1. For the chain, take the longest principal axis of its alpha carbons; what is the angle in degrees between that and the long axis of helix 49-61, to the nearest 10 within 0 to 90?
2. Only helical DSSP H runs with n ≥ 4 go in: add -39500 (n - 2.57) per run for the chain, normalise by residue count and round the 222 nm mean residue ellipticity to 500 deg cm²/dmol.
3. The stretch 18-104: which trypsin sites (Lys or Arg not before Pro) are DSSP loop and have at most 11 other beta-carbon atoms within 10 angstrom?
4. Roughly how many nanometres apart are two label points built 7 Å out from the Cα toward the Cβ at LYS60 and LYS79?
5. Give the label of the value calculated from the structure for semi-axes √(5λ) of the Cα gyration tensor in Å, choosing from (1) 25, 16, 11; (2) 20, 15, 13; (3) 19, 16, 16.
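Taken together, the values in this text are just the output of simple stated rules run on the coordinates, not laboratory data. Remember, it's a predicted structure, so these values are computed and weren't measured experimentally. Positions of Cβ are generated from backbone atoms using ideal geometry, with glycine treated the same way; all protein chains shown enter the neighbour counts.
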Amino acid sequence: MSNILQLRESKNGLTFDIQVTPHASSAQVVGMQEGILKIKVTAVPVDGAANDACINLLAKTFTLKKSQIKIFAGTKSRKKTILVKDISLAELEIKIRRSQCLIT
């Protein structure tokens, strides 16, 4: 079990995976498991509400603009790949460290 977030570089930006628990009692980053960031959101998975809540939580947690974050894959799944645009790998690593998440 790895507690290190696996960041990947692509031609579109930086990507990493999340595991989402929708309809939770509170929105929060829960931790890391096998290189995947685990989060909970209060929204239900209807009409993209949980996806929007994921983007809002990640933007707030990592002090990014919502427009920088996109669900790249897995819009209808609990496991999603997140794309972060307009930021360098080093800058994102710093933001993640400041939020108490671990990276590699």
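1. 40
2. Computed ellipticity for the chain at 222 nm equals -7000 deg cm²/dmol.
3. Loop-located and lightly packed - LYS65, LYS76.
4. About 2.7 nm, to one decimal.
5. (2)
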